Amino acid sequence: MRKVLSTGTFLLLFVLISLTGCSTVGKAQTLPADINQSLTSYTESIMAEETTNPSSFGGEQIESTSPEVEQISSKEADRLETLQVTVFDVGQGDCILIKIGEHTALIDAGDIGQEALILNYLHDAQIRQLDYLVASHPHADHIGSMSAVIRYMDNIDSILMPDVVHSTATFEQVLEAIEHRDFPVTIPEAGAVFELGGASIQVIAPNNNNYVDLNNYSIVLRLTYGEVSFLCAGDAEDVSESDQLSANHLLKSDILKVAHHGSGSSTTWSYLERIAPRIAVISVGEENTYGHPDSNVLELLSKAGCEVYRTDKDGTVTFTTDGHDITVDANKVQMTTEVTKAPESVTTSETTSPIPKTSTQYIGNKNSNIFHSTSCGTLPAEKNRTYFELREEAISSNFRPCKNCKP
């Protein structure tokens, strides 16, 4: 079942943030019952029901909420197009691009300050339209550069987001960008299936609406193309994993994007055993302060016989498949250091040229989204800095000027 919200309806969600005065960072906050009920009533007429039928997994009979995933893919077994999944090296964050022919989906958009990397790749690949943009959950390391992506795109058919809000400026900026561009928002429910060219994407999680931790609201997706499958686990932790197992979703996948950057709070053995991946990829920052990936998780992946790739060691990792064979190319995508400016309003498919770099003129604070002149007396700590060479670059990245130095 899917809930599709118009921009006008989704704006109500944005207003709600101010009304609720959300203040607990990292805690999940759902819509009040009266508002949620009215939104549900509004969208009932456009909800799509998915049928359920049993399917086989690992020798046991389980209920697959959406057998269409396998049926759609098997009908395309003789396809000529290749599917490409690129896991970008965005440091301690997530950003994954799926491309098959002219069809594309972007899952998350890294942390604040990753706009240059993401927009330059999209610019070079001439991608100005997305079938789907997925905000797995509202943490900054997954949606930090999403507002820039939204403003850059000519069209996005649907933006998928979980039914939860967050009290940060980063999340509010994403909502503002959606409202500005008037792109439709879908709140997907577990079991829903989305087609992407000859491939299919099934929603595996979230399976509950009363989680305490925002990570467990992560949209978990299983991509299927011919005989090949890819599970993207967001930041889902053991609580969500348990719910996925209880729901008897078809989890078995060839490739696993390990949840939560390899944190010890995710990737339980029972969950990993059900997925039975041949390949695992961990999106993680080099020498991050969280100690990711956790040594126990690495041991479990080794025990499962997985070939492991890590963005902190292997850079950007690209998987290419014809629906049968899989090739892996680590650090295939060579990113430029130039920034493609996200236009405030895009009315044509004309591409925007990268802005040439000269020298650092402004320093941004990743936490406050405020940028300063290099001589400002209130510069952020080194670990919280991001650098800009043009004032317009900082503004287009949704940073505000410091009131003290007035850059």
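Every number here is computed from the coordinates shown, using simple stated rules; none is lab data. None of the values given here were measured: they were computed from a predicted structure.
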### Task
Do me a favour and compute the ellipsoid semi-axes for region 162-300 from its Cα gyration tensor, root of five times each eigenvalue, largest one first, whole Å.
24, 20, 15
### Summary
Pairs over 31 Å Cα to Cα, from K313/K403; K303/K366; K252/K313; K99/K406; K99/K403; K313/K406, come to K313/K403; K303/K366; K99/K406; K99/K403; K313/K406
### Query
On full extension of the chain, what length is gained from W269 through R400, given 0.36 nm per residue of separation minus the C-alpha to C-alpha distance?
42.7 nm
#### Entry: Dimensionless Rg ratio for region 358-401, taking C-alpha atoms and the 2.2 N^0.38 Å reference
0.99
### Summary
The alpha-carbon center of region 265-317 and that of region 197-259 are separated, in whole Å, by 16 Å
